[in-house]
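K.L.:
Here you go, one structure.
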Amino acid sequence: MGKEILHVVPLPSSYEFTEGTCPEDLQENIRENIGMIHDDEEAYELDITKDGVTITGAPAGIFYAHVTLQQLKLQYPDAIPCMHIEDRPRFKYRGFMLDCSRHFLPESDVMTLIDAASYYKINKFHWHLTDDQGWRIEIEKYPRLTEIGAQTGEEGRRSRFYTKKQIRRIIGFAKERNVEIIPEIEMPGHSTAAIASYPELGCTGESIPVETGTGVFANLICAGRDECLAFCKDVLDEVMDIFPSETIHIGGDEARKDHWKNCPYCQARRKALDLPDEDALQRWFTDQILCYLNSRGRSGRVWSDAFTGNDLTAERYSAQFWVSQVGNLKYQAALGHELVNSDTAAYYFDYPYRDEFGLGNYGHPINVDTILNYEPVPAWLTEKFAKQMIGTECALWTEHVPDLETAVQRLFPRLPAMAETAWTVKDARDNASFDERYIGTAAEFEKRRLRGQAPQELWH
């Protein structure tokens, strides 16, 4: 007979049952030994005995030991079997991205999702705050970004954004759960809301509305005028004053160059720099911003299609990929830059679970089996550079996600499945027991703290 399955998600690296049980009245008798295990801040050891509980690890590891204990209490409400657990994450980066530009989620809903994610040992929250359909972060130097860029047409043009006070409150809430928040400010593309607020940021100078539809738009911040670069740096200064994260995400994906090709300022800049085309101009623009972040002691992150070439001079940056641009990604890894895997094939959770989910041709189906069977380190990344793949991140774009309830249906149980592939070491994985473990304990947690989840018949 096989070893009893713990209803824990992610599954621990190793666990061994010992003799006896720990009754409910002694489970709060917890001794914490502060100390690093395996040079890993998130590793922990959990000993459950007849007399109580002992946890060993650094503060982050101790936090995760408590999370595991919380799940065990749901499986064993009266007496937990005595056991010894040794656990550590496979990847140091385990993230989820929430797009609050297309559809705005209030502060309490953002906190709810951060709290639920931390329950599955997710430790990074990538917060997508600006896009064509909305600018959602207060910037004091440029008030029209929220006065105009944060307006939502469905609610009488009411501006919806996060104040600096709210953001700091959310950052503190996340920190208590060992979650670091990485903000994303899109540039130079996906900038319609910014240009609608300040038309002089665009190449044409024309007034445009904030977008309300979906798609990829040609409204890029002008790369030819110094004042446009100054705007980007001013915004990032205020972002860095709020967010303590080492990494600041600057987007860079899907930058259509229609306006740049016809802009006298952009063309003058391109020719002055002897750049062959507008893609090279974007690489120059991106490099200017990355170097500025480096000068402020931060590291930039860009979507991988922001640099389709190898001529960046910035020293500290990382690449996040959603489509495999193998040659460039291998080159970045060889240079020592870190990679984050957000492959659309497994980690875009706005995509449907199945074809019949009701979203038509939007995306492709991604179910729990897809995620559990996906190897986060691509085969094209040789063993020599595999360590540059620091982890995975699921993405929830919100063109078709108007509220928290829909967000929860898209994220659960797919986010826990991704968390398991990011946390549990390969030798300890048990895909066959995932449903049993998830339903047995984690689903009970969600019933108490979230509003619904995806119907079980869609999971596989």
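The values are calculated or read from the model by the stated rules, or taken from the named source; none is laboratory data. Here the structure is a predicted model, which means the values were calculated and not measured. Positions of Cβ are backbone-derived with ideal geometry, glycine not excepted, and every protein chain shown enters the neighbour counts. Each accessible area value is taken on the protein alone, full model and side chains, heavy atoms only, with ligands, DNA and RNA left out. Shrake-Rupley method; radii C 1.70, N 1.55, O 1.52, S 1.80 Å.
K.L.:
Determine which residues of segment 117-135 fall in the zone a paramagnetic label at D241 would reach in this model, i.e. backbone nitrogen under 20 Å from the point 7 Å along Cα→Cβ.
P.N.:
129-130, 135
K.L.:
Measure off, as a whole percent, the carbon and sulfur share of the 1.4 Å-probe accessible area of segment 1-159, all protein chains present. Could you put the intermediate results ahead of the total?
P.N.:
Numbers: 2990 of 6260 Å².
Accessible surface attributable to carbon and sulfur in segment 1-159 totals 48 percent.
K.L.:
Rounded to a whole number, what % of the accessible area of segment 374-460 do carbon and sulfur atoms account for, probe 1.4 Å?
P.N.:
50 percent
K.L.:
Distance between the C-alpha centers of segment 214-252 and segment 113-183? Whole Å please.
P.N.:
A separation of 15 Å, based on Cα centres.
K.L.:
Out of all DSSP beta bridges with both ends in the chain, state the antiparallel percent to the nearest 5.
P.N.:
On the way: 23 of 60 bridges.
Around 40 percent of the beta bridges assigned by DSSP in the chain are antiparallel ones.
K.L.:
Considering only Cα-Cα distances, which of the following residue pairs are longer than 19 Å: K330/K384; K233/K271; K92/K426; K92/K387; K3/K92; K124/K165?
P.N.:
Working: K330/K384 11 Å; K233/K271 23 Å; K92/K426 15 Å; K92/K387 11 Å; K3/K92 28 Å; K124/K165 21 Å.
Checking Cα-Cα distances, K233/K271; K3/K92; K124/K165 exceed 19 Å.
K.L.:
Moving on to the next point. For segment 169-289, which whole percent of the accessible surface, found with a 1.4 angstrom probe, sits on carbon and sulfur atoms?
P.N.:
C and S atoms contribute 45 percent here.
K.L.:
Another question, then. What's the magnitude of the charge dipole for the chain around its Cα centre, counting Lys and Arg as +1 and Asp and Glu as -1 at the beta-carbon? Answer in Debye, nearest 20.
P.N.:
860 debye
K.L.:
Taking N as the number of residues in the chain, what value does Rg over Cα atoms divided by 2.2 N^0.38 Å take?
P.N.:
Details: Rg = 23.1 Å, N = 460, 2.2 N^0.38 = 22.6 Å.
Cα Rg divided by the expected 2.2 N^0.38 Å: 1.02.
K.L.:
Send over a whole-number figure in Å² for the accessible area per residue of segment 1-108, probe 1.4 Å.
P.N.:
About 44 Å² of surface per residue is accessible.
K.L.:
I've got another one for you. Hey, can you rank 221-227, 129-135 by average C-beta count inside 10 Å, highest first?
P.N.:
Top to bottom by mean Cβ count within 10 Å: 129-135, 221-227.
K.L.:
Follow-up question, since we're still on this one. For segment 164-240, just list the percent of Cα-Cα distances falling in each 5 Å bin from zero outward, please.
P.N.:
Cα pair-distance distribution for segment 164-240, in percent: 3, 14, 21, 18, 14, 13, 10, 5, 2, 0.
K.L.:
Okay, moving on. Ordered by packing density, taken as the mean number of other Cβ atoms within 10 Å over each peptide's residues, highest first, how do 178-184, 164-170, 253-259 rank?
P.N.:
Values: 178-184: 21.4, 164-170: 15.9, 253-259: 18.0.
Output ranking for 178-184, 164-170, 253-259: 178-184, 253-259, 164-170.
K.L.:
If you don't mind, another one. Measuring from centroid to centroid over Cα atoms, what is the spacing of segment 37-101 and segment 282-303 in Å?
P.N.:
Centre-to-centre (Cα) distance: 36 Å.
K.L.:
From the helices alone, meaning DSSP H stretches of at least four residues, give me the mean residue ellipticity at 222 nm for the chain, per-run term -39500 (n - 2.57), in deg cm²/dmol to the nearest 500.
P.N.:
Numbers: 16 runs with 147 residues, N = 460.
Only helices count here, giving -9000 deg cm²/dmol.
K.L.:
Report Rg/Rh for segment 245-323, rounded to two decimals, where Rg is the Cα radius of gyration and Rh the Kirkwood radius.
P.N.:
Reported Rg/Rh, Kirkwood definition of Rh: 0.98.
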